[in-house]
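The structure appears right after this line, and notes come after that.
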Amino acid sequence: MSLLEQPKQYTGSELDRIFFRPMLTGASAQELGVRVLYNLPSPTTVQLWDGQRNILQKHAAGWTGGAPAAKYQKTIDLKRVKAELGFSAADYFSMVYEQIAASADVNMDDLTGTELERAETELFRQAVAENIRATMWVGDSTATKGYNTFDGFLKAIEDMVVEEQIYNKPYQSAALADPESAVGIFDDLWQNADVRLQDLKADGQLAFFVTSDLCYLYEKYLDAKGVDAAYLDAVNGRRTLAYHGIPVIDVRLGNYLQETSLSKSFCLLTDRRNLVLAVNTADFPGNEVRMWYNPDEMENRQRALFMAGCDILDETMICYAYRQA
């Protein structure tokens, strides 16, 4: 039997160590741009402490500490999700071997089962990671198709807009013709942000999460500046963007948003730690990653079972601008 046809299954510690932990911790988690809670005990609960202000007092005998700091809890609603992929045997062979050939230290004349397994795992892990990223933004559990396994940040935010819980600013499509509109949107959200959110700027965790059209518009605004740096950036491109020291992050959702009823163009100002993604592979029976070959269909198949969900911790830390339909 070919090594690609041998079934592979990850459960328990292998599921954590080999498959999920590499994509949900460290640099991989930072690339998501939000707070990631991985394998916290279920139900996944975030403890929020409201530190008391003005605790300094004049020195005097006795205890004057007063009431303890207030504690709030936010429970992330985890949903059981399933990811499945199927490839024809010929296509799967080519894709896996392309993964192997891209590595500089592989002897193509002497491939071991470990190298093939690593390439298969990486192929599936990339697909799962991207779908988790997309769902945490555009997920809508009420939808009949598409990304409907759990509600994403945008669904929660647009519900808050309807209920007038957050500051929001609609703009028209015509605004996207003027590069200065991008700066106007950034500035408006900053000026109308809660003072507590503005004070968090020093922590370095504030961010403008924007769609690609606003990123392009802001770059055009920067290109128009008549300085040498603007010319060089226009030629070489910009690896990162920022407005007054706050990163401007392209959420890269254009293709995904087309399949939803959510706003296709938006800008979100918040603290990264306010957006929480939770994934659990440890506390529920049946969680696994499995890869096998189906000889009847001549198809290589991959399946992952796990729990996932996301939430916004504090709606007062949200400022949102969006294009009206």
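One table, with the values for the structure above:
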{"quantity": "Percentage relative contact order, region 209-325, counting C-alpha pairs under 8 Å, at least six apart", "calculated": "28 percent"}
{"quantity": "Gain in span if fully extended, D199 to N236, counting 0.36 nm per residue against the direct Cα distance", "calculated": "9.9 nm"}
{"quantity": "In region 167-262, the chymotrypsin sites (Phe, Trp or Tyr not before Pro) that fall in loop regions by DSSP, at most 13 other Cβ within 10 Å", "calculated": "none"}
{"quantity": "Built amide H within the under 5 Å cut-off of Y171, gap 5+", "calculated": "Y322, R323, Q324"}
{"quantity": "Given charges at Cβ of Lys, Arg, Asp, Glu: the chain dipole, positive-most of P295, N148, I55", "calculated": "I55"}
{"quantity": "Accessible-area composition of region 188-325, carbon plus sulfur, in percent [1.4 Å probe]", "calculated": "47 percent"}
{"quantity": "Mean accessible surface per residue for region 213-325, computed with a 1.4 Å probe while every protein chain stays in place, in Å²", "calculated": "48 Å²"}
{"quantity": "HN-Hα J in Hz across region 260-276 - Karplus 6.51, -1.76, 1.60, θ = phi - 60°, x for Gly and Pro", "calculated": "10, 9, 6, 4, 7, 9, 7, 9, 10, 9, 6, 8, 3, 6, 7, 9, 10"}
{"quantity": "Modelled FRET efficiency - R0 45 Å, Q57 with V183, Cβ distances, 0.05 increments", "calculated": "0.50"}
{"quantity": "Nearby aspartates and glutamates by direct alpha-carbon distance to K79 (threshold 20 angstrom, same-chain neighbours under 8 apart not counted)", "calculated": "D16, E130, D140, D151, D159, D283, E288, D311"}
{"quantity": "Positive minus negative residues near D271 (Lys, Arg vs Asp, Glu; Cβ under 10 Å)", "calculated": "+3"}
{"quantity": "Reach of K220 by Cα under 29 Å, taken over lysines that are not fewer than 8 positions away in the same chain", "calculated": "K169, K201, K264"}
{"quantity": "Exposed-loop-free span, longest in the chain, where GluC sites (Glu not before Pro) count as exposed if DSSP calls them loop and at most 10 other C-beta atoms lie within 10 Å", "calculated": "1-162"}
{"quantity": "Distance between modelled label sites at V161 and E297, nm, 7 Å Cα→Cβ extension", "calculated": "3.9 nm"}
{"quantity": "Dipole in debye (nearest 20) - the chain, about Cα centre, beta carbon charges: Lys, Arg +1; Asp, Glu -1", "calculated": "1080 debye"}
{"quantity": "Rounded to 10°, Cα long-axis angle of helix 113-138 versus longest principal axis of the chain", "calculated": "30 degrees"}
{"quantity": "Förster radius 22 Å - calculated FRET efficiency between S88 and T11 (Cβ-Cβ, nearest 0.05)", "calculated": "0.20"}
{"quantity": "Beta bridges by DSSP in region 147-270, antiparallel share as percent, to the nearest 5", "calculated": "70 percent"}
{"quantity": "Inverse mean reciprocal Cα-Cα distance (Kirkwood Rh) of the chain, Å", "calculated": "22.7 Å"}
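The values are calculated or read from the model by the stated rules, or taken from the named source; none is laboratory data. Everything numeric here is computed off the predicted structure, so don't read it as measured data. When we count neighbours, we look across all protein chains shown, and the Cβ atoms used for this are built from the backbone with ideal geometry, even at glycine. What goes into the accessible areas is simple: the full protein's heavy atoms, side chains included, and nothing from ligands, DNA or RNA. Shrake-Rupley method; radii C 1.70, N 1.55, O 1.52, S 1.80 Å.
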